1. Give me the pairs: first residue in region 31-51 and within 18 Å of residue 15 (Cα to Cα), second residue outside any loop (DSSP other than H, G, I, E, B) and modelled with pLDDT under 95, beta-carbon distance under 6 Å, and six or more apart or on different chains, which are they?
2. Note down all Cβ pairs under 7 Å where the first residue falls in region 144-168 and is among the polar types (S, T, N, Q), the second is surrounded by 15 or more Cβ atoms within 10 Å (Cβ to Cβ) and not in a loop (DSSP other than H, G, I, E, B), and they're at least six residues apart or on different chains.
3. List pairs: first residue in region 54-75 and assigned to a helix (DSSP H, G or I), second residue surrounded by fewer than 19 Cβ atoms within 10 Å (Cβ to Cβ) anywhere in the structure, Cβ distance under 6 angstrom, at least six positions apart or on different chains.
4. Can you list the helices (runs of 4 or more DSSP H) found entirely within region 93-168 that contain at least 1 residues being modelled with pLDDT of 95 or more and within 18 Å of residue 52 (Cα to Cα)?
Amino acid sequence: MSSTSAPGGGLRPLYANAPCVLVLGSFPSGLSLAHSEYYGNPRNRFWAVMEAIFGIPATLPYAERSMRLQKEGVALWDVVGSCSRTGSADSTIRNPVPNDIRGFVRGHPSVRLIALNGSTAGRLFHRFADGAGIPSVTLPSTSPANAAVTFAEKVRKWQVVRDACTRD
């Protein structure tokens, strides 16, 4: 499925038939929205982390990276479907309207883990969609604003995504 802008703000979910992990961000950056691409800010380390754990080259065109990630069983979406926000900082999110994450999980029983990209995604998930019936984990944000956590540490923590997709 392609990730085009959804009516009212954010991006549509990106997934293949049987995702094993649903990665949730908070809300797309301005660059991501402008390009209709998840993690479209070149300074965001998400695709570099995916390269490290799945071997998907971050330099590939977005469509190919996305397709390969879906083949690995990873779905992408955001906790917030629309909001008011100044700039791209999570701290300026106001009036968040959540996406139907519980509905996504019900419709995709193959999802084993919800991976929350950063503390804001984690906080919003627990506010709006906790109780989806499957485990969730809050991981270090891949945002360029999260410089306190080294790239190596991000990769180490994000390994749970690959592990959830490879266990039988």
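The values are calculated or read from the model by the stated rules, or taken from the named source; none is laboratory data. This is a predicted model, so every value here is computed, not measured. Cβ coordinates were reconstructed from backbone atoms using ideal geometry, including for glycine residues, and neighbour counts include every protein chain displayed.
1. 36/5; 40/31; 40/32
2. 159/53
3. Pairs that qualify, where the first residue is assigned to a helix (DSSP H, G or I) and the partner is surrounded by fewer than 19 Cβ atoms within 10 Å (Cβ to Cβ), are 70/16.
4. Answer list for region 93-168: 151-166.
Condition check ((1) surrounded by 15 or more Cβ atoms within 10 Å (Cβ to Cβ); (2) of a type outside the set (A, V, I, L, M)) across all residues:
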{"position": "18", "(1), (2)": "no, no"}
{"position": "28", "(1), (2)": "yes, yes"}
{"position": "38", "(1), (2)": "yes, yes"}
{"position": "46", "(1), (2)": "yes, yes"}
{"position": "51", "(1), (2)": "yes, yes"}
{"position": "63", "(1), (2)": "no, no"}
{"position": "74", "(1), (2)": "yes, no"}
{"position": "86", "(1), (2)": "no, yes"}
{"position": "103", "(1), (2)": "no, yes"}
